[in-house]
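The values are calculated or read from the model by the stated rules, or taken from the named source; none is laboratory data. All values derive from a computational prediction rather than experimental measurement. Cβ sites come from the backbone with ideal geometry, for glycine too, and all protein chains shown count toward neighbours.
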Amino acid sequence: MKEERKDVSGRAGGIGPVFFIVGFLAALGFGWFVFPDLLYSEKTQPVNFPHAKHQDGSCEDCHSFRKDGSYTGAPKMASCKECHEDPVGDSKDEKVLVEEYIQKDKEIPWQTYAWQPDNVYFSHAPHLARDVECTRCHRDVTKEDNLPVVKVNRLTGYRSGTMSMVECEKCHVQNGASNACAACHK
Amino acid sequence: MSENGHAKSGVRYGMVIDLDKCTGCMACSVACQQENNVSFRPDESNKLRSITWMEIYQLENGEAFPEYRHAYLPKPCMHCDAEHGAPCTFVCPVNATKRDEETGIVGHVYPRCIGCRYCIVACPYHARDFNWWDPTWPNPMEASLNPKVSVRMRGVVEKCTFCSHRLNDARAKAFLDKTPLNEVVYTPACAEACPTKAITFGNLLDPGSEAAKLSKDRERAFRILEKLHTEPKVTYLSSHKWVRDLADKSL
């Protein structure tokens, strides 16, 4: 009874599901592997800063807070200049730093990893007061030789590592902190 | 516990405005506009379309000269303290506007707002305004925007926040100084700008605060539309009976 297994168009069955599966896998592959890369533009830092080679000082030497607990931002060129007025080694990264920025007296246009949109209010002060570890939110840089690429979402400006609201809320709940809108929104 | 399941704390920020002292100079309104990045248009005459967080009303007693009297009434958001929520928070379909039960401040998350304007309709105090256009500032005013307050986009509602960004700053400092959060005091831009000190701001639940004392003034204190039981946290003071009698008329 072979005639009964023909489909409506009269062709032999069996090839349709193959097309479906191939198309399905192609769409999945595009969505999972290709599209996320298309969505993010990649920005490299102007100078590579090997955190691992700067472990002789404390983090606060470069990443400091003002008296009111506000963060002073990405390190200024002046703090690099304290040691690197002239090259102390022979690495390529240092050559760029000294020749392009320190000798020309130019600030380094660092790219931000922890960028947050305008409507987010965040102060380090309460977190410092509660002794929250830096690595609770930031990546551990102590053994890092190369700064990672900054991936910026082309549509929203969010970085691939931008902390999402649910992370803040979870930690606030666990530690009994306020989860009111105005606690983190301005 | 209030009806929405949040525990009430010992803090209820509120405002007392002394109408006997108010000269109608509008410094509070201007200071608010600047502090909170409130956008404006070249022609602000259509008050149904313009945005004002701190609006000044002129009250008149309706008599002819020489009995004619008038007074000014600055009107921010009342941050209603009714048990079931403020009228605006009650109607918001997306929880964009919520009362913080720790401070009593009614906040509004702009990116979450869908612009349905139910809250504008629900608010009996006309405290809310809608962004009909993209906010623009004439050059070079954009450079002087306050970075501590986010700029609202077209299509969302906005209103007075009791300068909650100033509260956040004061709280951040309290954390470092190890001051209890319940004791944090701060001053909104309007109260700071008032030249006659007509606006007093503070914790209404702290019996020692100036605002709490003034709001309990038996002779002069009144609130607007008290008959609606919205429990506004803005109290007015006036020694004139005709001003107090206007309080139950709608705005």
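Could you tell me whether residue B:205 is touching a Leu at 6+ places or on another chain (Cβ under 9 Å), under 30 Å from residue B:245 (Cβ atoms) and surrounded by fewer than 18 Cβ atoms within 10 Å (Cβ to Cβ)? Criteria not met by residue B:205.
Restricted to segment B:173-202, and to residues there that are farther than 26 Å from residue B:54 by Cα and of a type in the set (S, T, N, Q), the residue that is nearest to the other protein chains (Cβ to nearest Cβ) is B:179. For the criterion of being touching a residue at least 12 places away in the same chain (Cβ under 8 Å) and under 29 Å from residue B:172 (Cβ atoms), residue A:108 passes. Does residue B:162 qualify as being touching a residue at least 12 places away in the same chain (Cβ under 8 Å), among the aromatic types (Phe, Trp, Tyr) and away from every other protein chain (no Cβ under 14 Å)? In short, no.
Residues that are within 19 Å of the chain's Cα centre (by Cα) and either within 14 Å of chain B (Cβ to nearest Cβ) or not in a loop (DSSP other than H, G, I, E, B) (or both) do not occur anywhere in segment A:93-105. Within segment A:106-122, the residues that satisfy the criterion of being away from chain B (no Cβ under 14 Å) and charged (D, E, K, R) are A:106, A:107. If you go through segment A:57-88, how many residues are in contact (Cβ under 8 Å) with a residue 40 or more places away in the chain and within 14 Å of chain B (Cβ to nearest Cβ)? Result for segment A:57-88: 5.
The residue that is nearest to the other protein chains (Cβ to nearest Cβ), among those in segment A:123-137 that are exposed (fewer than 14 other Cβ atoms within 10 Å of the Cβ) and touching a residue at least 24 places away in the same chain (Cβ under 8 Å), is A:130. In the set (1) under 18 Å from the mean Cα position of the chain (by Cα); (2) part of a loop (DSSP other than H, G, I, E, B); (3) farther than 23 Å from residue B:164 by Cα; (4) of a type outside the set (Asp, Glu), residue A:152 fails one condition alone, (2).
Taking the condition in a loop (DSSP other than H, G, I, E, B), touching a Ser or Thr at 6+ places or on another chain (Cβ under 9 Å) and within 14 Å of chain A (Cβ to nearest Cβ), does residue B:149 pass? Yes; evaluated as a whole, the condition is true for this residue.
Of everything in segment B:69-85, what is within 14 Å of residue B:236 (Cα to Cα), in a loop (DSSP other than H, G, I, E, B) and hydrophobic (A, V, I, L, M, F, W, C)? Give them in sequence order. Answer for segment B:69-85, where residues must be within 14 Å of residue B:236 (Cα to Cα), in a loop (DSSP other than H, G, I, E, B) and hydrophobic (A, V, I, L, M, F, W, C): B:77, B:78.
Looking only at segment B:49-89, which residues are free of Cβ contacts under 8 Å to residues at least 40 places away in the same chain and under 18 Å from the mean Cα position of the chain (by Cα)? Once the filter is applied, which keeps residues that are free of Cβ contacts under 8 Å to residues at least 40 places away in the same chain and under 18 Å from the mean Cα position of the chain (by Cα), segment B:49-89 yields B:56, B:58, B:89. Return the residue satisfying two criteria in turn: it lies in segment A:170-186 and is part of a helix (DSSP H, G or I) and within 13 Å of chain B (Cβ to nearest Cβ), and of such residues it is surrounded by the fewest Cβ atoms within 10 Å (Cβ to Cβ). Per the criteria, the residue is A:172. Select, from B:160, B:88, the only residue that is touching a helix residue (DSSP H, G or I) at 6+ places or on another chain (Cβ under 9 Å), in a helix (DSSP H, G or I) and either modelled with pLDDT of 95 or more or of a type outside the set (Phe, Trp, Tyr) (or both). After applying the criteria, what remains is B:88. Scanning segment B:211-241 for residues that are outside any loop (DSSP other than H, G, I, E, B) and either surrounded by fewer than 16 Cβ atoms within 10 Å (Cβ to Cβ) or aliphatic (A, V, I, L, M) (or both) gives B:211, B:212, B:213, B:214, B:221, B:226, B:227, B:228, B:234, B:237, B:241. Only one of the listed residues (A:170, A:151) is among the basic types (Lys, Arg) and farther than 27 Å from residue B:103 by Cβ. That residue is A:151.
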